[in-house]
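A.B. asks: I have a structure here, written as C-alpha cells, and I will follow up with some questions on it.
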Amino acid sequence: MKQRGAPSSAFCFSSECGTAVLIATLPSLHYSFTASLVARIIIAPSVLAADFSRLSDEIHRIETAGADWIHCDIMDGHFVDNISFGPDIVRFVRKETSLPLDVHLMIEHAEYYVPRFIKVGANSITVHVEPEAKHDVVKTLRQIREAGCRAGLTLNPETAFDLVEPFLGTIDMLLVMTVHPGFGGQEFRADQMEKVRRAAVWNKSRERKIDIEVDGGINDRTARISIENGANVLVAGTSIFHSKDYAKAIRELRGVPGVN
Ligand code: DX5
Ligand code: ZN
C-alpha cells in the first residue's frame, strides 16, 4: 500500500531530487554527513515539552519556525514511568498543522492502540523492541505499514543493537533513544552513538535507506554529534520549547552557520 504523509523519508532516492539541488537548498549540509546518500536533516520538535495551556499557539509557532515533523510522545505509565497523552491530543495537533506527525509509542500492547493513532492522523508510528513492550514486533510493524503509515522501531539505551538489527529491512526508521524514555529534559547519552553508526553502516550497503532518528537531550551540541555519527532525524523537546526563539533553536539544531 502507498504510504501517506510526505515527506516519506529524508533520503532522496529519485533523480528529481538530485544532490546538487540539495546542496544548494539545504543549510543542514554544512555538516559532514558520511552516509552514502545525501540526507536532509529533519527537525522533529517533541510536543511533550510544549506549554499545553496554549498548545494551538505552540504548534503554529514551531511550524512557522521551520519544524519538519512534529513528534508526539505517548507514555502509558507501564512501559515507562510516566503518563503523557493519547489519541485525542494527537487528533488536536493534526487539526492544527499539516506537518507529518511522528508518533512514538512508549506503551505496552502497541498493536491495540496503533489503529487509533492512525485514525487521528499519525504519519509514522514508532514502537519499542523490548519484550517489556509486550507485543509481537513483526506483526505490529506489518500492521502499521499495511495501514499506509511509516513504521519505526526503537530501543532503550540499555537494549543491544542486535535486537533491532533483524528488523532493519522491514522498517522505515530506526529511533535510537539517547536518554532512558519517560521524561524530557534528560542528559544526552553519547554512548548510544555506536548504535547510530551501526545503523548508518547498514544503510550504506542498502539501496532502500532507513531514517536514523535520535531522541533525548538533543541540543545544538549533541545534534552535531548525532549527525556526525549518521543520524538524520533529530527529536528535540526542551532545547526548542524552552527557548525564547524557536526559529533560532531549530536553525542551531540544523547547524546553520552564523547563529551561534
Ligand atoms: C523521552 C521522549 C523524548 C523527549 C525529548 O521519553 O521520547 O521525545 O520528550 O525531550 P528532550 O529534548 O527534552 O530530551
Ligand atoms: Zn520520543
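A.B. asks: Among the numbered criteria (1) within 14 Å of ligand 2 (Cβ to nearest atom); (2) closer than 17 Å to residue 107 by Cβ; (3) surrounded by 17 or more Cβ atoms within 10 Å (Cβ to Cβ), which one does residue 159 miss?
C.D. replies: (1)
Results for (1) open to solvent by 40 Å² or more (accessible area, probe 1.4 Å); (2) in a helix (DSSP H, G or I), shown as yes or no for each residue.
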| residue | (1), (2) |
| --- | --- |
| 183 | yes, no |
| 193 | no, yes |
| 206 | yes, no |
| 239 | no, yes |
| 248 | yes, yes |
| 251 | yes, yes |
| 256 | no, no |
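A.B. asks: For region 20-78, name all the residues that are at pLDDT 95 or above, under 15 Å from residue 227 (Cβ atoms) and either surrounded by fewer than 17 Cβ atoms within 10 Å (Cβ to Cβ) or among the aliphatic types (A, V, I, L, M) (or both). Let's see the steps before the verdict.
C.D. replies: Filtering region 20-78 down to residues at pLDDT 95 or above leaves 41-78.
Of the ones still in play, those that are also under 15 Å from residue 227 (Cβ atoms) are 41-44, 68.
Result: 41, 42, 43, 44.
A.B. asks: If residue 57 satisfies every condition in (1) over 19 Å from residue 242 (Cβ atoms); (2) without any contact (Cβ under 8 Å) to a residue 12 or more places away in the chain but one, which is the exception?
C.D. replies: All conditions pass for residue 57, except number (1).
A.B. asks: May I ask you to verify whether residue 212 is in contact (Cβ under 8 Å) with a residue 60 or more places away in the chain and open to solvent by less than 20 Å² (accessible area, probe 1.4 Å)? Give the derivation first.
C.D. replies: On the way: in contact (Cβ under 8 Å) with a residue 60 or more places away in the chain: no; open to solvent by less than 20 Å² (accessible area, probe 1.4 Å): yes.
Answer is no for this residue.
A.B. asks: Here's a follow-up. Find all pairs meeting these conditions: Cβ atoms under 9 angstrom apart; at least six residues apart or on different chains; first residue within region 225-236 and within 12 Å of residue 177 (Cα to Cα) and without any contact (Cβ under 8 Å) to a residue 40 or more places away in the chain; second residue within 16 Å of ligand 1 (Cβ to nearest atom) and open to solvent by less than 10 Å² (accessible area, probe 1.4 Å).
C.D. replies: Short answer, once both residue conditions are applied: none.
A.B. asks: Could you count how many residues in region 215-225 are open to solvent by 30 Å² or more (accessible area, probe 1.4 Å) and hydrophobic (A, V, I, L, M, F, W, C)? Break it down stepwise before answering.
C.D. replies: Taking region 215-225 and keeping what is open to solvent by 30 Å² or more (accessible area, probe 1.4 Å), we get 219-221, 224-225.
From what's left, hydrophobic (A, V, I, L, M, F, W, C): 225.
Matching residues across region 215-225 total 1.
A.B. asks: If you take the residues of region 228-252 that are among the aliphatic types (A, V, I, L, M) and in contact with a strand residue (DSSP E or B) (Cβ under 9 Å, 6 or more places away or on another chain), which of them is nearest to residue 203 (Cα to Cα)? Write out each step before concluding.
C.D. replies: The first filter runs over region 228-252 and keeps only residues among the aliphatic types (A, V, I, L, M), leaving 231, 233-236, 240, 247, 249-250.
Among the residues that remain, those that are also in contact with a strand residue (DSSP E or B) (Cβ under 9 Å, 6 or more places away or on another chain) are: 231, 233-236, 240, 249-250.
Details: 231: 11, 233: 14, 234: 17, 235: 20, 236: 23, 240: 29, 249: 29, 250: 26 Å.
The residue in question is 231.
A.B. asks: Of the conditions (1) under 25 Å from residue 211 (Cα atoms); (2) away from ligand 2 (no atom under 14 Å from the Cβ); (3) in contact (Cβ under 8 Å) with a residue 40 or more places away in the chain, residue 51 fails just one. Which one is it?
C.D. replies: Among (1) under 25 Å from residue 211 (Cα atoms); (2) away from ligand 2 (no atom under 14 Å from the Cβ); (3) in contact (Cβ under 8 Å) with a residue 40 or more places away in the chain, residue 51 violates only (1).
The values are calculated or read from the model by the stated rules, or taken from the named source; none is laboratory data. These figures come from a predicted structure and were not determined experimentally. Neighbour counts are summed over all protein chains in view; Cβ atoms, including those assigned to glycine, are modelled from backbone coordinates with ideal geometry. All accessible areas refer to the heavy atoms of the entire protein, side chains included, with ligands and DNA or RNA removed. Shrake-Rupley method; radii C 1.70, N 1.55, O 1.52, S 1.80 Å.
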